[in-house]
Amino acid sequence: MSDNDVSELPTRARVVVNGGEHTGFIKSDGSFAVENVKAGDSLLEISSADYAFPKVHLRISIKDDGKASIAARYVQIGSEWSESAPVLAYPLQISAAQKYEFFTPRQGFNIVAMFSNPYMLMVGASLLGIFVLPKLQANMDPEALKEVQNKS
């Protein structure tokens, strides 16, 4: 998805705050609104099946005049929410980090992989027993050969 091009974004993509506590849909112009988010810390995510988006930490505070102030920062999941990360400009401009690839190309023929298969190793050991053991038996001492034949 190229920058600022939301035409490739599927219509089922949505904005999720705090794991589904609040949701909003992305409009055709790329804007979104999430209503009734309480003051404090929140995690904003864009949920899309085709693209991966960075997570955003929102710190919403109410000023003395009653207006809300929003400080947004990119955040890594599993790390602490840091005040040292740069604050994002408002309105938020969030671009996709990458496109998910669901197709895995088929692997070509690989002779090493074929012979490292356990089934092929068992076949190789069996063939070795069929063709090599009679040759070893033919080279045996005649007295040892008679002794082995008497035992069986």
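Quick look at the numbers
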read-out	value
Relative counts (whole %) of C-alpha pair distances in the range 84-127, using bins that are 5 Å wide	5, 13, 10, 11, 8, 7, 7, 7, 6, 6, 8, 6, 4, 3, 1
Under the Karplus curve 6.51 cos²θ - 1.76 cosθ + 1.60, θ = phi - 60°, whole-Hz ³J(HN,Hα) for the range 99-114, x wherever Gly or Pro sits	9, 5, 10, 9, 8, 10, x, 5, 6, x, 5, 9, 5, 5, 5, 5
More than 17 Å apart - percent of Cα-Cα pairs taken over the range 10-71	42
Ratio of the Cα radius of gyration of the range 19-152 to 2.2 N^0.38 Å, where N counts its residues	2.44
Radius, Kirkwood style, for the range 64-142 when every pair of distinct Cα atoms is counted (Å)	20.7
Restricting the range 82-139 to trypsin sites (Lys or Arg not before Pro) in coil, as DSSP defines it, with at most 16 other Cβ within 10 Å	R106
Over the range 1-131, relative contact order from alpha-carbon pairs under 8 Å, at least 6 apart, %	17
Environment charge of S84, counting only residues whose C-beta is closer than 14 Å and scoring Lys/Arg +1, Asp/Glu -1	0
Structure-based [θ]222 nm, the chain - -39500 (n - 2.57) summed over DSSP H runs of at least 4, per residue, nearest 500	-7500 deg cm²/dmol
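Every number here is computed from the coordinates shown, using simple stated rules; none is lab data. None of the values given here were measured: they were computed from a predicted structure. Please note: Cβ atoms are built from the backbone with ideal geometry, for glycine as well, and neighbour counts cover all protein chains shown.
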